[in-house]
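*Asks:* Pasting a structure here, questions to come.
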């Protein structure tokens, strides 16, 4: 069954204050859906409900009449270097909230759980194009994504529809990776990384939230879904497109050894390698991308 345009869906969103969550909440409400936001403080608005993931606590009544839960929780992967403590935080900030929400979905009979994951599930695929049928890859990020997705098991066992949102780097005018790169390119300090031939999986913010709404409204879709642009790009292609949109040259090339020396394993897994992933499930089910190429996505984000 597909939700009709006149049917309002009641959705609980966890992680609603972040870059994606803020846009998603506004997008769902504009489409006529009712959104409740989970907050880790005392609720201060009618649409807020309190929760404490480490304690396994969610306010009573939060899931009354709720049709779906969208979980966007997780500490920033690229916010700081990966010390041992940071790696543990990256795991805990994903697994613990997911376990709590999956249990709540199971206990309260919620029909759908849309759970954030990452495109790095596939590890480094080189020039090999992968879709949702590909197995998990190797490396820290692939392990994080695999465990993150496994934490949804209680919901699936209870019969809920579980959608695993394997998201690529989100191109947004309000921060994220472009918030870091735009100043460098504006000062003509931007350039490709290493050889530039490594995959750079991407998706526009418009399509990130649009695809999430699409999946919410299409209950026939379940399992892993790649939230990535339909035309994969390499790092060199992304760099050239960003320089073109900003009308700045990008003459520099950052050597691989320099990044490894500064960022260590983070550089190896996030910048110097990547999965060449395509959104096969979205395309098979008829989702229409607003931004097909990386240049279109960058222009939409930076020329507003």
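*Asks:* Go through 243, 250, 211 for me and flag whichever is touching a helix residue (DSSP H, G or I) at 6+ places or on another chain (Cβ under 8 Å) and assigned to a loop (DSSP other than H, G, I, E, B).
*Replies:* Numbers: 243 fails: assigned to a loop (DSSP other than H, G, I, E, B); 211 fails: assigned to a loop (DSSP other than H, G, I, E, B).
Only one candidate passes the filter, namely 250.
*Asks:* Of all residues in segment 1-23, which are over 18 Å from residue 62 (Cβ atoms) and either at pLDDT 95 or above or assigned to a loop (DSSP other than H, G, I, E, B) (or both)?
*Replies:* 1, 2, 3, 4, 5, 6, 7, 18, 20, 22, 23
*Asks:* For segment 150-194, enumerate the residues that are more than 25 Å from residue 17 (Cα to Cα), modelled with pLDDT of 90 or more and assigned to a loop (DSSP other than H, G, I, E, B).
*Replies:* 158, 159, 160, listed by residue number.
*Asks:* For segment 37-63, which positions are touching a residue at least 40 places away in the same chain (Cβ under 8 Å) and within 20 Å of residue 10 (Cβ to Cβ)?
*Replies:* The first filter runs over segment 37-63 and keeps only residues touching a residue at least 40 places away in the same chain (Cβ under 8 Å), leaving 51, 53-54, 56, 58, 62-63.
Matches in segment 37-63: 51, 58, 62, 63.
*Asks:* Quick one: count up the residues across segment 80-100 that are under 26 Å from residue 27 (Cα atoms) and out of contact with any helix residue (DSSP H, G or I) (no Cβ under 8 Å at 6 or more places or on another chain).
*Replies:* 1
*Asks:* Can you tell me which condition residue 126 does not meet? The list is (1) over 25 Å from residue 68 (Cα atoms); (2) in contact with a helix residue (DSSP H, G or I) (Cβ under 9 Å, 6 or more places away or on another chain); (3) in a loop (DSSP other than H, G, I, E, B), and all the others hold.
*Replies:* (2)
*Asks:* Something else now. Taking into account only those residues within segment 280-296 that are outside any helix (DSSP H, G or I) and touching a strand residue (DSSP E or B) at 6+ places or on another chain (Cβ under 7 Å), which is surrounded by the fewest Cβ atoms within 10 Å (Cβ to Cβ)?
*Replies:* Per the stated criteria, the residue is 290.
*Asks:* If you take the residues in segment 256-271 that are more than 18 Å from residue 121 (Cβ to Cβ) and touching a strand residue (DSSP E or B) at 6+ places or on another chain (Cβ under 8 Å), which one is modelled with the highest pLDDT?
*Replies:* That would be 256.
*Asks:* Shifting gears a bit: Check 277, 300, 243, 253 and return the single one that is under 22 Å from residue 172 (Cβ atoms), touching a strand residue (DSSP E or B) at 6+ places or on another chain (Cβ under 8 Å) and at pLDDT below 95.
*Replies:* On the way: 277 fails: at pLDDT below 95; 243 fails: touching a strand residue (DSSP E or B) at 6+ places or on another chain (Cβ under 8 Å); 253 fails: under 22 Å from residue 172 (Cβ atoms).
Unique residue meeting the criteria: 300.
*Asks:* Let me ask you something else. Is it true that some residue in segment 44-60 is assigned to a loop (DSSP other than H, G, I, E, B), over 20 Å from residue 76 (Cβ atoms) and modelled with pLDDT under 95? Before you say what the answer is, go through the steps one by one.
*Replies:* Of segment 44-60, the ones assigned to a loop (DSSP other than H, G, I, E, B) are 44-47, 56, 59-60.
Filter once more, keeping what is over 20 Å from residue 76 (Cβ atoms): 44-47, 56, 59-60.
Filter once more, so that each one left must be modelled with pLDDT under 95: none.
Within segment 44-60, not a single residue is assigned to a loop (DSSP other than H, G, I, E, B), over 20 Å from residue 76 (Cβ atoms) and modelled with pLDDT under 95.
*Asks:* Determine which member of the set 76, 84, 65 is farther than 25 Å from residue 274 by Cα and loosely packed, with under 15 Cβ neighbours inside 10 Å.
*Replies:* 65
*Asks:* Can residue 70 be described as in contact with a strand residue (DSSP E or B) (Cβ under 6 Å, 6 or more places away or on another chain), outside any helix (DSSP H, G or I) and either surrounded by 20 or more Cβ atoms within 10 Å (Cβ to Cβ) or modelled with pLDDT under 95 (or both)?
*Replies:* When the stated conditions are applied, residue 70 passes them.
*Asks:* Here is a check on your reading of the model: is residue 232 touching a residue at least 24 places away in the same chain (Cβ under 8 Å), over 21 Å from residue 175 (Cα atoms) and crowded, with 18+ Cβ neighbours inside 10 Å?
*Replies:* So residue 232 passes the test.
*Asks:* Being farther than 15 Å from residue 184 by Cβ and in a helix (DSSP H, G or I) narrows it down to one of 299, 258, so name that one.
*Replies:* Exactly one of 299, 258 is farther than 15 Å from residue 184 by Cβ and in a helix (DSSP H, G or I), namely 299.
*Asks:* Out of the residues in segment 168-196 that are surrounded by fewer than 14 Cβ atoms within 10 Å (Cβ to Cβ) and over 23 Å from the mean Cα position of the chain (by Cα), which is nearest to residue 270 (Cα to Cα)?
*Replies:* Here the answer is 195.
*Asks:* Quick one: count up the residues across segment 19-36 that are in contact (Cβ under 8 Å) with a residue 40 or more places away in the chain and out of contact with any helix residue (DSSP H, G or I) (no Cβ under 9 Å at 6 or more places or on another chain).
*Replies:* Qualifying residue count for the region: 1.
*Asks:* Tell me, please, whether a residue that is touching a residue at least 24 places away in the same chain (Cβ under 8 Å), over 22 Å from the mean Cα position of the chain (by Cα) and more than 16 Å from residue 16 (Cβ to Cβ) can be found in segment 73-82.
*Replies:* Checking segment 73-82: not a single residue is touching a residue at least 24 places away in the same chain (Cβ under 8 Å), over 22 Å from the mean Cα position of the chain (by Cα) and more than 16 Å from residue 16 (Cβ to Cβ).
The values are calculated or read from the model by the stated rules, or taken from the named source; none is laboratory data. Computed from a predicted structure; not experimentally measured. All Cβ positions, glycine included, derive from the backbone under ideal geometry; neighbour counts span all protein chains shown.
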